[in-house]
Amino acid sequence: GDTGGVAGNVLTNDRLDGAPLNPTDVVLTPSNSGPLTIGADGTVHVATGTAAGTYVASYQICQAASPTVCSGTDASVIVIVNAALNAVDDAFGPLDGNTGSANLGNVLANDTTDGAAIAPGSVTLISNATAPITIAADGTVSVPAGTAAGLYGGSYQICETANPANCDVATLTVNV
């Protein structure tokens, strides 16, 4: 959506007399509208800046040798727009290691999606915190009682639940 681009070719799965068709054997007539356009060669283009959603463009193919023998159908494209994830580095403490804390803070509290606070369930968190420090799936940082004094760290990654390939990483520092 953000960058647009080629989504595929409508002729790839079309058949002529049951066999894969040779694009030169047909004349393609698109019914372009909205953010999708179909080129004369069957290439489906998505306009730059298209919002997330499902879009449909229609087209018809006719045999080049018999222009009245035609078939029409639709091409559907699902557009995914990457959210602007911003995982921000976190620092917690100082904390008394003798007592520890089951909820020292939440690493997601200062992270954003498209500039707004992260909505519950919209990201998946992957923790790489250094033991004995833990980061729960909901972002809660825990330090067990009896943790030796020192600086502990690690990192965590957040990825969009709807688009798991869109991720960002931040570091964590805990002063015990």
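The values are calculated or read from the model by the stated rules, or taken from the named source; none is laboratory data. Since the structure is predicted, the reported quantities are computational estimates derived from the model, not experimental observations. Ligands, DNA and RNA are stripped out before the accessible areas are found, and what is left, the full protein with its side chains, is counted by its heavy atoms. Shrake-Rupley method; radii C 1.70, N 1.55, O 1.52, S 1.80 Å.
How much of the accessible area of the chain, in percent, comes from carbon and sulfur atoms when a 1.4 Å probe is used?
Values: 5060 of 9340 Å².
Here it works out to 54 percent.
Our analysis of the range 1-99 gives Rg over Rh at 1.41, with the two radii drawn from alpha carbon positions and Rh computed by the Kirkwood formula.
Residues in the range 31-176 average 51 Å² of solvent-accessible surface per residue, probe 1.4 Å, ligands and nucleic acids excluded.
Measuring how big the range 28-176 is from its alpha-carbon positions, Rg and Dmax come out at 25.2, 86 Å.
Relative contact order, percent, of the range 84-143 when contacts are C-alpha pairs under 8 Å separated by at least 6 residues? Before the final figure, lay out each step's value.
Numbers: 76 pairs, mean separation 23.6, N = 60.
Here the relative contact order equals 39 percent.
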